[in-house]
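To keep things clear, I will list the structure first and then write my remarks on it.
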Amino acid sequence: MFKSTNILRSSVSLLRQPLSCKDVLKLQSQWIPTASLSATANSEQFKSDVLIIGGGIMGLSTAFWIKHSSPSTSVTVIEKDPKYTTCSTTRAVGGIRSHFSLPENIKLSLHSFDFLTKINDYLNVDPDDLIDIALVRKGYLYLATESGVDTLVNNHKIQKSCGASVELLDPQQLSVRWPWLNTNGIAAGSYGFDKEGWFDPHRLLMAFRAKALALGVKYVHGIVTDFSCSCETPSCKVNGAIVDHIKQNSQAIYSAESIVIAGGSECGALSNKLVSQNAKSILCPVNPRKRYVYSFKCETLNGQNFPMLIDPSGVYCRGDGDNYITGLSPEESEEPQTTDFEVDYDFFDQRIWPQLAERVKPFESIKVLSAWAGYYDFNELDENAIMGQDPVWSNLYWLTGFSGHGIQMGPAAGKCISELILNGKYSTVDCTRFRFNRAIEGEKLLEVNII
């Protein structure tokens, strides 16, 4: 499935170095074109006002908000994995934070947090069975060495200007609040004392799906194999998607006035199908990146009162009930293949545990309980969201590329893209700078606080 992804990775070093416009166009010329697939003459045809490809957090949030805002608008969602066994959403850590450097990301997370605290007002379908997403209200604690203090302070100013509840702490204050913390080499910290925490991603996703179905969204188990497109002056249009129904062993054409691609880490592969039909179409630079999450137990330090700790090394760790979970984004040379969900336990032993033991002395003696892997929808351009209308296909919209922070922004991002589809403009958060066109223009939005 990801043969083209391997070409993209081998063509240029991507370690936190965003691609230039020239790089994107060069890589596009190397992309292996997908053979155009035609629906058979007897294929069923279905039509709706909005077609959403991808039933993860982004797709279902979009579907919900469209029906919530415009009940008469018909919406269809195509999802290949209705049990969500390999879905990025359900394999996410489930954190939510206002600790970002871009105002758009801060505002999206703040709006999503407000949504989560009022989730039953929006998504409940049974008054006798209230939704519980296991929301834990604990802050993120970002630590900085002397070289990172200026960045921490500058980010703090931006966060405060957007309404975030964050505070700066010196080493002494850090030690008083968290006595187990080793502050050697630490010059400052930033803590979110409100509107941050974590929750159960699967419960949130199921709540969105249940409500979307209750509102009349059509949910289809299928795989998009190609697109039906046309180009007439002055614009080109995606007329519909050709979908293989998995259980029925049949094929159908799903057409719509507006189409949203919210396929997560597979958006690059989906855009390849469009590129093969129109040379002017631009490759979506979003592909899978594998990330590991490890669960461990510490006998001498309970995880109940532990914040989401972000070490200067990039290692993160938070409490998970009495235990903990931790992870780290690998260096470019360490990037694992995206062919399976196997976990590399040596990565924990060699790259994560030494940092944990240095920062938190009780972690010198811990026991790994379990681990899992999932895929980031990684934006190779700048590790930030791609949202908005496609520059070539006039009725096509993208919602992808959040590169690891999509689960926390899903409720707000879905609302924003629904506003763009229904009203032609953003209202909740202005996400114009996330437009697809920046892949052409070389306009990169660099988020400093990537985990």
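The values are calculated or read from the model by the stated rules, or taken from the named source; none is laboratory data. As the structure is a prediction and not an experimental result, all values here were calculated from the model. As a convention, Cβ positions derive from the backbone with ideal geometry for all residues, glycine included, and neighbour counts pool all protein chains shown.
Among the conditions (1) in a helix (DSSP H, G or I); (2) under 24 Å from the mean Cα position of the chain (by Cα), S147 misses just one, which is (2). Test G319 against the stated conditions and say whether it is of a type outside the set (F, W, Y) and under 22 Å from the mean Cα position of the chain (by Cα). Taking the combined requirement at face value, the residue satisfies it.
With respect to being outside any helix (DSSP H, G or I), modelled with pLDDT of 95 or more and within 27 Å of F434 (Cα to Cα), S101 fits the description. Restricting S403, S370, S394, S365 to residues that are under 24 Å from K237 (Cα atoms) and in contact (Cβ under 8 Å) with a residue 40 or more places away in the chain narrows the list to S394.
Restricting G314, G303, G388 to residues that are in contact with a strand residue (DSSP E or B) (Cβ under 6 Å, 6 or more places away or on another chain), of a type in the set (G, A, S) and over 21 Å from H202 (Cα atoms) narrows the list to G303. Inspection of the range 341-348 identifies no residue that is under 24 Å from N278 (Cα atoms) and not aliphatic (A, V, I, L, M). Looking only at the range 407-430, decide whether some residue is touching a Pro at 6+ places or on another chain (Cβ under 8 Å) and buried (at least 19 other Cβ atoms within 10 Å of the Cβ). Yes - at least one qualifying residue is present in the range 407-430. Within the range 162-191, being aliphatic (A, V, I, L, M) and part of a loop (DSSP other than H, G, I, E, B) holds for A164, I186, A187.
With respect to F378, is the statement that it is closer than 26 Å to H156 by Cα, in contact with a Lys or Arg (Cβ under 7 Å, 6 or more places away or on another chain), surrounded by 22 or more Cβ atoms within 10 Å (Cβ to Cβ) and in contact (Cβ under 8 Å) with a residue 24 or more places away in the chain true? Against the criterion (closer than 26 Å to H156 by Cα, in contact with a Lys or Arg (Cβ under 7 Å, 6 or more places away or on another chain), surrounded by 22 or more Cβ atoms within 10 Å (Cβ to Cβ) and in contact (Cβ under 8 Å) with a residue 24 or more places away in the chain), F378 qualifies. Scanning the range 124-151 for residues that are among the hydrophobic types (A, V, I, L, M, F, W, C) and buried (at least 23 other Cβ atoms within 10 Å of the Cβ), we see that the one that is farthest from N305 (Cα to Cα) is L143.
Of the numbered criteria (1) surrounded by 14 or more Cβ atoms within 10 Å (Cβ to Cβ); (2) within 26 Å of G54 (Cα to Cα); (3) not basic (K, R), the one C162 fails is (2).
Considering each residue of the range 233-242 in turn, at least one proves to be more than 18 Å from V77 (Cβ to Cβ) and β-branched (V, I, T).
On inspection, D81 does not qualify as at pLDDT 95 or above, of a type outside the set (A, V, I, L, M, F, W, C), over 30 Å from G189 (Cβ atoms) and outside any loop (DSSP other than H, G, I, E, B).
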